[in-house]
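For reference, the structure discussed in these notes is given below.
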Amino acid sequence: MSLIKAEYIWIDGTVPDPRLRSKTKIMPKGEELPLWSFDGGSTNQVDGPIAECVLIPVFHCPDPLRGGDHLLVLCEVENTDGTPNRTNTRRALAELEEKHRHLEAWYGLEQEYTFMLRGRPYGFPDDGYPPPQGPYYCGIGAEYMKGREIAEGHLDACLAAGLKISGINSEVMPGQWEFQIGPAGPTEVGDHLWLARYLLIRIAEDHGVEVSFDPKPARGDWNGAGCHTNFSTREMREPGGYAKILEAIERFGDPERIEKHLDAYGRGRGLEERLTGMHGTCAYTEFRFGISDRGSSIRIPMQTERDKAGYFEDRRPCANIDPYEVAYVILETVAG
Ligand code: ADP
Ligand code: MN
Ligand code: MN
Ligand code: MN
């Protein structure tokens, strides 16, 4: 009987931003992935004496770091009484997804992030600042680019794992990069994003570099980090879908929905610092949509306007979002 390593991965209860945790289970190859448990008192997931939490495998894929038949196993967290743990936002989304499956909702997430070394963005000197923004976005060359080997290694790892990664690019601030996940369904896009985040942090760890999802990792004239969320339903993608897109955006503009969206997009966790109206953003106090307009809250891509069908991009979500919460609030708004 051959044995494999299954890396059980879950999202913890660290505030304000949860962290990923993982531990390794040795098990016979080909066997069903069993439930497992952990000490929720050490991960901020349980208060009080009964600290055990249960790991429920919900998605697995090949582990590109260990290779062979080894697995990455993403888990939901339950309490011992079988209820979802307070940190488990996936369960509610899975229920909403079931209810609106006929919409065939697709999401594309643009995860921006910043490599950090000794508490400063990778590429910032220990004292002072690097040359100002300009050459870094989609740039090349040893003078300006930092962390490419990690971003490339991450892309290869995601592909080997079978995650729906759709591209990478370097970003406007030095040490800052982006990868895209999607298009994929509501829970699927979140599952793939969390595992892609896991692989990124692990690969960066091997290079002695940290990864920050802080929406505003450097004060001053430096871009923040977002997680632009692209969205469509089947109707929007089909001929005549443009009217459906405008209808959805109108719902997004409802003042009550704006508040709900901002809560899911990172309010109180860096959103206000990032969405200032500068650095390619629309101020969070405003709501505007526009065609090809990167200074709007919601952008309709040029191609969508030309085809009169396609998708739209909500530019407000921050890099540190919980993709399950974001997928939830968008689906709820669009379904009406
Ligand atoms: P940007 O031009 O804003 O930088 P990117 O190319 O980085 O855009 O990301 C666009 C994302 O939108 C990708 O993840 C892509 O998979 C996703 N996407 C493409 N088509 C659709 C669609 N019809 N519905 C939802 N997402 C989509
Ligand atoms: Mn992008
Ligand atoms: Mn970007
Ligand atoms: Mn974008």
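The values are calculated or read from the model by the stated rules, or taken from the named source; none is laboratory data. Note that the structure is a prediction, hence the values are computed from the model and not measured. Cβ atoms come from the backbone with ideal geometry, glycine included; neighbour counts cover every protein chain shown. Areas reflect the complete protein model, heavy atoms only, side chains present, ligands, DNA and RNA absent. Shrake-Rupley method; radii C 1.70, N 1.55, O 1.52, S 1.80 Å.
Just a few scattered comments:
- Flag if residue 299 is within 16 Å of ligand 4 (Cβ to nearest atom), buried (at least 18 other Cβ atoms within 10 Å of the Cβ), in a loop (DSSP other than H, G, I, E, B) and not hydroxyl-bearing (Ser, Thr, Tyr): no
- Screening 210, 235, 205 for residues that are free of Cβ contacts under 8 Å to residues at least 40 places away in the same chain and open to solvent by 60 Å² or more (accessible area, probe 1.4 Å) leaves exactly one candidate, 205.
- Number of the condition not met by residue 312 [criteria: (1) out of contact with any strand residue (DSSP E or B) (no Cβ under 9 Å at 6 or more places or on another chain); (2) at pLDDT 95 or above]: (1)
- Residues located in the range 164-200, provided they are among the aliphatic types (A, V, I, L, M), under 16 Å from the mean Cα position of the chain (by Cα) and either part of a loop (DSSP other than H, G, I, E, B) or closer than 17 Å to residue 323 by Cα (or both): 165, 181, 184, 189, 193, 195, 196, 199, 200
- Residue in the range 310-319 that is away from ligand 4 (no atom under 16 Å from the Cβ) and out of contact with any Phe, Trp or Tyr (no Cβ under 7 Å at 6 or more places or on another chain) present: no
- In the range 78-90, the count of residues that are outside any strand (DSSP E or B), open to solvent by 10 Å² or more (accessible area, probe 1.4 Å) and within 30 Å of residue 235 (Cα to Cα) is one or more.
- Among the residues of the range 126-145, at least one is buried (at least 20 other Cβ atoms within 10 Å of the Cβ), on the phi < 0 side of the Ramachandran plot and among the hydroxyl-bearing types (Ser, Thr, Tyr).
- Restricting attention to the range 11-28, the residues that are more than 17 Å from residue 85 (Cβ to Cβ) and assigned to a loop (DSSP other than H, G, I, E, B) total 1.
- Conditions (1) away from ligand 3 (no atom under 16 Å from the Cβ); (2) part of a loop (DSSP other than H, G, I, E, B); (3) under 21 Å from residue 326 (Cα atoms); (4) more than 19 Å from the chain's Cα centre (by Cα); number of the one not met by residue 282: (1)
- Considering each residue of the range 123-136 in turn, none proves to be within 16 Å of ligand 1 (Cβ to nearest atom) and farther than 20 Å from residue 212 by Cα.
- If you go through the range 279-295 and keep only what is touching a residue at least 12 places away in the same chain (Cβ under 8 Å) and either open to solvent by 10 Å² or more (accessible area, probe 1.4 Å) or within 12 Å of ligand 1 (Cβ to nearest atom) (or both), you end up with 279, 280, 281, 284, 287, 289, 291, 292, 294, 295.
- Search result, residues across the range 213-225 that are touching a helix residue (DSSP H, G or I) at 6+ places or on another chain (Cβ under 7 Å) and either among the small types (Gly, Ala, Ser) or open to solvent by 30 Å² or more (accessible area, probe 1.4 Å) (or both): 224
- Of the candidates 65, 117, 103, the single residue that is closer than 27 Å to residue 235 by Cβ, touching a residue at least 12 places away in the same chain (Cβ under 8 Å) and over 19 Å from the mean Cα position of the chain (by Cα) is 103.
- For the range 264-278, a residue qualifies if it is more than 18 Å from residue 327 (Cα to Cα) and buried (at least 21 other Cβ atoms within 10 Å of the Cβ), and the qualifying residues are 270, 274, 275.
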